[in-house]
Amino acid sequence: MNQINPLQIGGLLLVVILFLFFKLSAVQNEIVEADQSFKKSEKLALDVSALKNIYADKKRTQKRLQKIFSNRKLHTANLKIKEQKKLLKVSSESIDTSALNYLMGKILNDSYNITTLKIKQLSKEKASLEMEIKW
Amino acid sequence: MKFSSNKQRIFLDPSSGELIRIVKGKKVDIILSPSMYWVKKISLPVKSVREVKKLLPSIFEDSLPVGHYSYYAYKSEDEFIAFAYEDKKILEAIQKAGIATAQVGAIYFAQSEFEGIKTVVQVSETTGLYVKDKLLLLAPITWFKESEKLSFDGLKLSKHRIHLQQYGHIIDPKSLYKIGIVLSLFALILGGELFIAKSKLQDIEAKKEEIFSKYKLQSSTLQNEASLKKYTKIYTTQIKLRKYLSLFLKLHLKEGQKIVLIDYKNRILSITIGGVKKGMGESIVSMLKREKVEHKVSFHSESMKVEIKL
């Protein structure tokens, strides 16, 4: 006849419920924090990935620049193109202004990491150009 | 009263409480005196004891004083023997007899254990048990000329034992079960919620670990934050370079003025405009101020040099 006091059972159940409730509340807080951290990491990953695709994708930059340089408007520009491991050097001792306008229009309207640029007017129709694009 | 080897057996009557000698630490089987319960012999058109038990409260309704009763019944030949008893009163008698609840083994009705007696059995100095119409009754011993003393020797206890509701008088067992079920369900729901929440947390943490490999980035947040800082700087510098170049290329220069040199290196953009004497470049300076561009201006012969740090 060792019966347990129902109040003790009720008390035990209430303790269990309280424990579960606080545990659940703690886990829900952890979920909120983990979710915020995940969103932050996702944003970080997306941003880094997007910026890397623009400024650190050598193949993409090479392909686009190649397309620009092969345009017939630049055939008379005597462009000297030198590719290095981490950058590309473009220079011309004498480039006419229309070719220069075309080239700079294309370069400045796209996303390239220009580290050096020097355009010096030689005459009304001519200029010299030095430019370095990093990838 | 005699003792069996394993368990002590006692006949419990409220009037004999102080006379009982209890062996400490030994389990006690209790046989309840007829004065501790109400009994009826009934014939009902039902087959099972279970069905009878449901009817017992209404069967005893008119014959019981006000109280909180529990019921029991068993079949005896073609009839049912039904009992009504107050748990609280029996518990009080057990306590009065000096028996700890932990010591209590099984509890029986005298009716079920002594219904076969042929003579009067004296259970106390003043009372005796006898059977009339299959019912065991307690009566003053003075009613009888002859009697035997109570003995448990050779007495085989029946299977008709009861379980006392220690707290039945505090709260109705049915309500207790309902509350218990509700609380247990609530605990189960909370447990389920906790399980789901933990799974969700693990999923989020797993997704967080996968995210950098998904975008083919470095493995740690710190490394990627450093990369982001580096590329953001490149981005803002390139945006500024294009913006400032555009400002100068769109600038309406006066007659004789022209950009003769654009030089950008080490994040410093310098624009040299020819045909501008010292004190004549106000329109250029005011444009830079309007656009909130921090700059340095210097003049060399007839040219103005504007330096902007990106």
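Couple of notes before you dig in:
- What you get for chain B, charging only the Cβ of Lys and Arg (+1) and of Asp and Glu (-1), is a dipole of about 2840 debye around the Cα centre.
- Hull-based mean projected area of the stretch B:87-243, where the convex hull spans the alpha carbons, in square nanometres: 21.6
- All aspartates and glutamates inside 18 Å of residue B:118 as judged from Cα atoms, apart from same-chain residues fewer than 8 positions distant: B:133, B:146, B:148, B:153
- Relative contact order, percent, the stretch B:244-309 [alpha-carbon distance under 8 Å, six or more residues apart]: 31
- The stretch A:30-57 and the stretch B:21-36 have their alpha-carbon centroids 76 Å apart.
- The alpha carbon convex hull volume per residue for the stretch B:8-170 rounds to 129 Å³.
- Neighbourhood net charge (14 Å Cβ-Cβ; Lys/Arg +1, Asp/Glu -1) for residue A:130: +3
- Net +/- balance of residues flanking residue A:120 in space, Cβ distance below 11 Å, scoring K and R +1, D and E -1: -1
- Close amide H partners of residue B:97, meaning residues 5 or more places away or on another chain with modelled amide H under 5 Å apart, do not exist here.
- Pairs of alpha carbons in the stretch B:196-249 separated by more than 16 Å make up 62% of all such pairs.
- Under the Debye formula (equal points on every Cα, no solvent term), log10 I(q)/I(0) of chain B at q = 0.07, 0.12 Å⁻¹: -0.53, -0.90
- Relative pair counts by distance (%), Cα atoms of the protein assembly as shown, 10 Å bins: 4, 13, 14, 10, 7, 6, 5, 5, 5, 6, 8, 8, 5, 2, 0, 0
- In this Cβ point-charge picture (+1 for Lys and Arg, -1 for Asp and Glu), the protein assembly as shown has a dipole of about 4300 debye about its Cα centre.
- Residue-count net charge about residue B:89 - beta-carbon cut-off 14 Å; Lys, Arg +1, Asp, Glu -1: -2
- Note on the stretch A:44-99: percent of Cα-Cα distances in each 10 Å bin, starting at 0 and stopping at the bin with the largest distance, equals 20, 41, 26, 11, 2.
- Where labels lie 7 Å past Cα in the beta-carbon direction, separation of residue A:64 and residue A:46 in nm: 2.1
- Highest-fluctuation residue, A:74, A:117, A:12 considered, GNM on chain A with Cα pairs under 10 Å: A:12
- Crossing angle, helix A:6-55 versus chain A [Cα axis fit, 0-90 degrees, rounded to tens]: 0
- Percent RCO, i.e. relative contact order, over chain B, from Cα pairs under 8 Å lying at least 6 residues apart: 12
- Under the Debye formula (equal points on every Cα, no solvent term), log10 I(q)/I(0) of the stretch B:244-309 at q = 0.15, 0.16, 0.23, 0.27 Å⁻¹: -0.40, -0.46, -1.01, -1.43
- Axial C-alpha extent at least 18 Å, average Kyte-Doolittle at least -0.5 - helices from chain B (DSSP): B:173-214, B:221-249
- Residues considered: B:279, B:191, B:25. Largest GNM mean-square fluctuation over chain B, using C-alpha springs under 10 Å, is found at B:279.
- Between the Cα long axis of helix A:97-108 and the first principal axis of chain A there is an angle of about 10°, rounded to the nearest 10.
- Residue with peak Gaussian network fluctuation, chain B [Cα springs, cutoff 10 Å], from B:196, B:284, B:81: B:284
- Cross-link pairs beyond the 30 Å C-alpha cut-off, checked among A:59/B:214; A:43/A:73; A:134/B:214; A:124/B:309: A:43/A:73
- Angle in degrees between helix A:58-69 and the longest Cα principal axis of chain A, rounded to the nearest 10: 30
- Amide hydrogen proximity for residue B:12: with H placed 1.01 Å from N in the peptide plane, the residues at 5 or more positions away or on another chain lying under 5 Å are B:31, B:32, B:33.
- Considering all C-alpha pairs of the stretch B:34-101, those separated by over 19 Å amount to 38%.
- Neighbour counting of Cβ atoms within 10 Å sorts the residues B:237, A:97, fewest neighbours leading, into A:97, B:237.
- Here, the stretch A:1-55 has an Rg and a Dmax of 23.5, 81 Å when only alpha carbons are counted.
- Net length gained if the chain between residue B:161 and residue B:268 were fully extended (0.36 nm per residue, minus Cα distance): 28.4 nm
- Each of residue A:53 and residue B:54 was given a label point 7 Å from its Cα along the Cα-to-Cβ line. The distance between the two points is 7.2 nm.
- Taking N as its residue count, the alpha carbon Rg of the stretch B:200-310 over 2.2 N^0.38 Å: 1.68
- Counting every pair of alpha carbons in chain A, the share spaced more than 19 Å apart comes to 67 percent.
- Expressed to the nearest 5 percent, the antiparallel share of DSSP beta bridges inside the protein assembly as shown is 85 percent.
- Taking every Cα-Cα distance in the stretch A:58-134 and sorting them into 10 Å bins from zero, the calculated P(r) comes out as 19, 58, 22, 1 percent.
The numbers here are math on the coordinates, done by the rules we state, and not lab data. From a predicted model like this one, the values you see are computed outputs, not experimental measurements. Note: ideal-geometry Cβ built from the backbone for every residue, glycine included; neighbour counts use all protein chains shown.
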